[in-house]
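Below is one structure, written out as structure tokens, with a few remarks after it.
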Amino acid sequence: MIIVGGSADIRQQVPPLLDQDLDVRMVDGTVARPGRDVQREVDGADVVILLGSTELNHTVSATWAGPKMVATNSRGISAFLAEAAEKIRARATRAGH
């Protein structure tokens with residue numbers, strides 16, 4: 001799982017809240033990276049969560065867009081995690097998983 005955006009505090013606080021068996025990578029949403037580097041990371045991830053109501057530049061979010069992306073608009077850690085979980089659950093239901 002890759003989570004893009006959020007303040008430095010959020011990027012430090014989120015991983016310990018999630019299941020320790022998850023491979024979670026937190027990405028600074030204010031620093032653009034080459035598209036080929038982003039694509040390599042996306043290829044290795046099951047889901048990419050964009051934290052839309054946080055520190056997230058449009059140029060950065062655009063490089064992470066794709067079928068694995070889930071965008072959230074909630075503020076606060078518990079709210080965006082709940083929103084992301086619901087969107088991931090809905091996507092899995094539509095896909096028949």
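The values are calculated or read from the model by the stated rules, or taken from the named source; none is laboratory data. All figures in this text were calculated on a predicted structure; none of them were measured in a lab. When we count neighbours, we look across all protein chains shown, and the Cβ atoms used for this are built from the backbone with ideal geometry, even at glycine.
Table: residues versus (1) of a type in the set (K, R); (2) surrounded by fewer than 18 Cβ atoms within 10 Å (Cβ to Cβ).
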site	(1), (2)
S7	no, yes
L22	no, yes
M26	no, no
G35	no, yes
R40	yes, yes
D46	no, yes
L50	no, no
N57	no, yes
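In the range 17-38, the residues that are under 11 Å from I49 (Cβ atoms) and among the aliphatic types (A, V, I, L, M) never reach a residue that is loosely packed, with under 10 Cβ neighbours inside 10 Å and modelled with pLDDT of 90 or more with C-beta atoms less than 7 angstrom apart, at least six apart or across chains. Pairs please, first residue from the range 68-97 and surrounded by 11 or more Cβ atoms within 10 Å (Cβ to Cβ), second anywhere and among the hydroxyl-bearing types (S, T, Y), Cβ atoms under 6 Å, 6+ apart in sequence or on different chains. Within 6 Å, the pairs are N73/S53; R75/S53; F80/T72; F80/S74; E83/T72; E83/S74; A84/T72. If you go through the range 11-20 and keep only what is in contact with a Leu (Cβ under 9 Å, 6 or more places away or on another chain) and crowded, with 18+ Cβ neighbours inside 10 Å, you end up with just V14.
Rundown of residues vs (1) β-branched (V, I, T); (2) modelled with pLDDT under 90; (3) assigned to a loop (DSSP other than H, G, I, E, B), yes/no style:
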position: Q12; (1), (2), (3): no, no, no
position: D23; (1), (2), (3): no, no, yes
position: T30; (1), (2), (3): yes, no, yes
position: V42; (1), (2), (3): yes, no, no
position: A45; (1), (2), (3): no, no, yes
position: T54; (1), (2), (3): yes, yes, yes
position: T59; (1), (2), (3): yes, yes, no
position: V70; (1), (2), (3): yes, no, no
position: A82; (1), (2), (3): no, no, no
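Looking across the range 39-67, the residues that are among the small types (G, A, S), under 17 Å from G6 (Cα atoms) and in contact (Cβ under 8 Å) with a residue 40 or more places away in the chain come down to G52, S61.
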